[in-house]
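Here is the structure we will look at.
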Amino acid sequence: MDTLNPETRLNRRSVLHGLAGTAAVALSGVRPGEALAATFPSKRITAIVPFGAGGGSDTQTRIWGEAIAPLIDQRVVVENVAGSAGVAGTKRGIAADPDGHTVVVGAASTIAINPFTNKAADYNPSVDLQPVALLGYTPYVLVVANDLKIRTLAELIEYGKEHDGKLTHAGWTAVGELARKGLELRTGLKMRPVPYKGSMEAITDVIAGRASASIVDISTAIPFTGKTVGSGSVTPILMTGPDKSSALPWVQTTREAGLKDYVIDSWTAVFVPRKTPADIVEFLNTKTRQALKTENVKARYADLEIEQRDYDVDVMQAFIARQISGWKALIEEIGSAD
Amino acid sequence: MTDLFDHLLLGFSVVLSVQNILLCLVGCLVGTLIGVLPGIGPLATIAILMPLTYNSEPAGALIMLAGIYYGSQYGGSTTAILVNMPGESSSVVTALDGHAMARQGKAGKALGIAAIGSFIAGTFATLVIATLAIPLSKMALSFTAGDYFALMVLGLSLAIVVAGGSLLKAFCMLIIGVIMALVGANPVTGEPRLTFGSDVLYDGFDVAIVAMGLFGIAEILRNLDSPEGRPFVRDAVGGLLPTREDMRKSAGAITRGSLLGSVIGIIPGNGATLSSFVSYAMEKWVARRPEEFGRGAIQGVAGPESANNAAAQTTFIPLLTLGLPSTATMALVGGAMTLHGVIPGPRVISQHPDLFWGMITSMWIGNLMLVIINLPLIGIWVKFLKVPYRHLFPMIVLICCVGIYSINSQPFDVLLVGIFGIIGYGLHKLRFEPAPLLLGLVLGGMLEDNLRRGLILSGGDIGVFLGAPLTLALLTAAVIVVGSALSPSIARKRQQLQEED
């Protein structure tokens with residue numbers, strides 16, 4: 001029966017990780033061996049993707065690999081190291097030689113969530129990994145079934161109060177579950193969780209009205225939301241982040257809805273082991289941003305509804321730190337609320 | 001009707017690019033090759049080649065993988081006829097009369113009629129898919145979790161019934177498969193289940209790995225069991241073109257085979273193999289002189305060959321319209337689609353029409369290629385059979401290991417293939433049919449998901465969950481299927497079918 005109540009474990013573990021985190025932050029910033037960047041890269045670059053081939057992160061890594069290769073005069077080989085929900089590949093990336101020839105791709109799940117929820121993830125991303133560059137950013141959106149005739153988050157909360165126990169949330173993967181619990185925590189809304197394997201399955205049931213709502217990535221939602229208010233087969237009511245979406249300009253953001261400390265989104269970024277020399281990190285960051293600006297990459301990103309964000313190393317580092325602390329806080333709060 | 005032609009036209013415009021035509025040809029040739037070779041089937045090949053398709057367009061990749069699948073049906077029958085060694089299980093019955101014809105010096109005719117029958121059946125199945133796909137996928141969108149659950153129960157019941165050997169053993173295999181599907185992270189909470197504290201089991205069992213072990217490696221171990229027999233190949237193949245008299249005799253068999261195969265292919269389980277057995281039984285039953293069967297009756301080749309080819313194609317229907325892989329091979333094809341960002345399910349047709357129709361029409365083009373290009377190459381394919389086992393088997397094992405390692409870069413996966421190979425060999429010795437295990441593994445996760453989802457949506461009320469008309473109808477059908485297999489007269493028929501194996 002303990003599967004029904006994972007939060008107790010989650011809580012204990014996140015406290016432990018929290019302690020480890022504080023101890024480790026003091027040790028960071030050590031970067032020996034700064035001199036060898038002049039000849040970098042001297043051989044092909046291996047990009048470890050901690051998931052099986054075919055997911056969003058994998059696709060972005062392959063697009064990036066193709067685009068950056070001519071700029072650095074070396075091939076980029078993508079190696080899928082799947083296992084333990086991304087933990088195996090991330091650990092292999094951490095253990096790689098810190099010379100920039102092995103990079104590891106990270107996402108919210110492997111960098112900011114697993115360390116606080118997954119026992120196997122016995123690493124600390126803020127200490128073990130150095131963020132290099134952001135490959136892509138995907139906002140999430142809360143959609144509700146059309147037949148509920150709900151247009152805003154406030155209406156959804158109202159509806160939930162009037163019809164106790166009637167709302168369901170089509171969740172998928174650990175992120176979807178955290179998204180739901182977080183929203184409940186911030187708004188007092190209650191939705192029964194219904195599990196799905198993927199966002200496409202989840203949104204299909206929201207379209208059919210079998211589930212009330214779902215928090216999905218915008219690439220999944222766009223084909224069904226319509227181009228204007230009320231024209232889609234589902235109703236988007238909230239961007240689960242602070243930014244407006246150009247594709248759904250009428251949809252409220254968390255800021256507009258008055259939701260604080262609640263950001264659900266997904267991103268893909270390149271990391272290297274922490275001890276990698278700073279000038280190599282700088283070099284990879286510059287070349288990556290250059291590669292992502294090519295027309296071919298832009299077109300393919302547009303197809304996939306992935307946003308580009310041009311971050312230098314410092315901004316990148318701050319972005320990742322914010323992600324880690326945000327998820328950690330949310331996970332801990334969810335853990336202690338239950 | 002005009003819609004149908006528009007769609008097929010769209011499909012042709014996709015297939016008829018230089019790259020896709022080439023990929024289709026490569027798929028057909030590779031398929032034929034592995035169909036000819038024992039020990040390596042379409043499943044293992046697709047698993048191995050999947051990583052190679054990352055960099056091509058999704059449509060091209062799927063066209064090639066599909067080509068491997070139906071191409072292997074051709075290859076399998078070639079060796080069944082010429083040397084009495086069915087390369088694939090779906091060609092087992094072809095060997096009965098096909099090889100008898102070869103002994104009478106009519107090998108060419110047998111090969112010819114097999115190819116012509118397959119082509120006609122392939123054309124028919126292509127049309128079946130093209131007409132059924134849209135209504136089915138529309139229907140699938142209204143399927144509830146309960147309906148899916150019941151559909152899978154029905155599929156698994158059929159899988160037990162059509163598996164060889166005892167029902168009880170097949171049922172055991174199925175249950176083991178379903179339990180294996182539960183290993184790994186709990187889909188809702190991420191909590192590890194049945195992993196015995198081991199990280200490597202956190203992601204569960206990979207279908208490709210289990211299948212390659214249970215079928216690929218186990219098949220090789222089995223072949224090592226028996227002393228190597230030199231395949232007997234007659235040099236004189238004779239003319240490939242059947243006479244008018246042959247055609248007259250086969251026309252009915254091809255028609256019936258196409259129909260049967262198309263229907264049986266849609267049903268979960270190994271449709272291609274089952275349909276060839278059923279077709280053979282049927283031809284024998286309708287024949288004016290059943291005593292000719294087993295002594296070179298051309299209908300005994302034409303019928304099953306048409307049936308297995310039609311079934312191999314319609315097997316794609318559940319995957320492409322419902323998102324339900326009905327065999328392990330289809331589970332891998334579904335994996336390959338996911339890999340290219342196309343999620344198998346009712347939305348494939350509306351969201352990726354070029355890919356869907358391209359793949360459907362490529363099947364027809366591929367069948368044409370197999371007849372025109374492949375038939376004259378039969379001599380070359382047969383030469384592959386003369387490669388001694390001691391060279392062939394280590395090579396296949398090596399290819400399997402490299403292929404598996406390249407999927408996840410995990411050494412443990414390679415070890416697992418070996419373990420499952422030994423298990424598969426043991427199962428064979430104990431006369432357990434591993435196919436239901438694999439199907440249980442493929443469908444088990446979805447079975448759990450839908451059961452859980454359906455129960456949550458119905459508020460935990462099992463009556464509401466199972467009481468929906470369609471759900472109830474499908475579950476009743478499942479009960480009837482299992483019940484009838486237990487009835488004495490049908491049980492005897494099953495027995496007979498297996499003895500002919």
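The values are calculated or read from the model by the stated rules, or taken from the named source; none is laboratory data. Computed from a predicted structure; not experimentally measured. Here Cβ is always computed from backbone atoms with ideal geometry, including for glycine, and neighbour counts include all displayed protein chains. Heavy atoms of the whole protein, side chains included, go into the accessibility calculation; ligands, DNA and RNA do not. Shrake-Rupley method; radii C 1.70, N 1.55, O 1.52, S 1.80 Å.
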Practice problem: Taking only the range B:382-413 into account, find how many residues are open to solvent by less than 20 Å² (accessible area, probe 1.4 Å), in contact (Cβ under 8 Å) with a residue 12 or more places away in the chain and within 11 Å of chain A (Cβ to nearest Cβ). | Solution: 1
Exercise. Considering (1) within 20 Å of the chain's Cα centre (by Cα); (2) modelled with pLDDT under 85; (3) of a type in the set (G, A, S), say which one B:G379 fails and leave the rest.
Key: (1)
Exercise. Collect the residues in the range A:36-68 that are small (G, A, S) and surrounded by fewer than 16 Cβ atoms within 10 Å (Cβ to Cβ), keeping them in residue-number order.
Key: A:A38, A:S42
Quiz item: Considering only residues of the range B:239-253 that are outside any loop (DSSP other than H, G, I, E, B) and of a type in the set (A, V, I, L, M), which is surrounded by the most Cβ atoms within 10 Å (Cβ to Cβ)?
Solution: B:A253
Practice problem: Go through the range A:290-329 and give me each residue that's in a helix (DSSP H, G or I), of a type in the set (D, E, K, R) and under 23 Å from A:D217 (Cβ atoms). | Solution: A:K298, A:R300, A:D303, A:R322, A:K328
Quiz item: Quick one: which of B:G117, B:G105, B:G87 is in contact (Cβ under 8 Å) with a residue 60 or more places away in the chain, more than 30 Å from A:I63 (Cβ to Cβ) and not in a helix (DSSP H, G or I)?
Solution: B:G105
Self-check item: Residue that is surrounded by fewer than 24 Cβ atoms within 10 Å (Cβ to Cβ), touching a helix residue (DSSP H, G or I) at 6+ places or on another chain (Cβ under 9 Å) and aromatic (F, W, Y), where the choices are B:F293, B:F316
Solution: B:F293
Practice problem: Within the range A:280-294, identify whether any single residue is assigned by TED's automatic domain parsing to the domain that holds A:F40 and either free of Cβ contacts under 8 Å to residues at least 24 places away in the same chain or farther than 16 Å from A:I68 by Cα (or both), and answer yes or no. | Solution: yes
Self-check item: Selection count where residues are modelled with pLDDT under 85 and open to solvent by 40 Å² or more (accessible area, probe 1.4 Å), scope the range B:161-184
Solution: 2
Quiz item: Looking at A:V143, A:V132, A:V105, which is the one that is closer than 25 Å to B:S406 by Cα, more than 13 Å from every other protein chain (Cβ to nearest Cβ) and modelled with pLDDT of 95 or more?
Solution: A:V105
Self-check item: Elements of type helices (runs of 4 or more DSSP H) in the range B:270-364, at least 3 residues being under 27 Å from A:V49 (Cβ atoms) and touching a Pro at 6+ places or on another chain (Cβ under 8 Å)
Solution: B:328-339
Quiz item: Failed condition for B:A107, given (1) away from every other protein chain (no Cβ under 14 Å); (2) open to solvent by less than 30 Å² (accessible area, probe 1.4 Å); (3) within 23 Å of the chain's Cα centre (by Cα), with all others met?
Solution: (3)
Quiz item: Could you list, in sequence order, the residues of the range A:260-285 that are open to solvent by 20 Å² or more (accessible area, probe 1.4 Å) and part of a loop (DSSP other than H, G, I, E, B)?
Solution: A:K260, A:D261, A:V263, A:R274, A:K275
Quiz item: So which of B:L136, B:L132, B:L158, B:L154 ends up being more than 14 Å from chain A (Cβ to nearest Cβ), open to solvent by 50 Å² or more (accessible area, probe 1.4 Å) and part of a helix (DSSP H, G or I)?
Solution: B:L132
Exercise. Determine whether the range A:195-206 contains at least one residue that is in contact with a Leu (Cβ under 9 Å, 6 or more places away or on another chain) and in contact (Cβ under 8 Å) with a residue 60 or more places away in the chain.
Key: no
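Using the structure shown, decide if B:I456 is under 23 Å from B:P187 (Cβ atoms), open to solvent by 40 Å² or more (accessible area, probe 1.4 Å) and not aromatic (F, W, Y). Quick ask: steps written out before the conclusion?
Details: under 23 Å from B:P187 (Cβ atoms): yes; open to solvent by 40 Å² or more (accessible area, probe 1.4 Å): yes; not aromatic (F, W, Y): yes.
Yes.
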Quiz item: Take the residues of the range B:367-381 that are β-branched (V, I, T) and surrounded by fewer than 13 Cβ atoms within 10 Å (Cβ to Cβ): which is farthest from A:R92 (Cα to Cα)?
Solution: B:I372
Quiz item: How many residues are of a type outside the set (S, T, N, Q), more than 12 Å from chain B (Cβ to nearest Cβ) and either on the phi < 0 side of the Ramachandran plot or crowded, with 21+ Cβ neighbours inside 10 Å (or both) when one looks only at the range A:70-92?
Solution: 5
Quiz item: Would you say A:K43 is outside any helix (DSSP H, G or I) and at pLDDT 85 or above?
Solution: yes
Exercise. Would you be able to tell me the number of residues in the range B:139-151 that are among the aromatic types (F, W, Y) and assigned to a loop (DSSP other than H, G, I, E, B)?
Key: 1
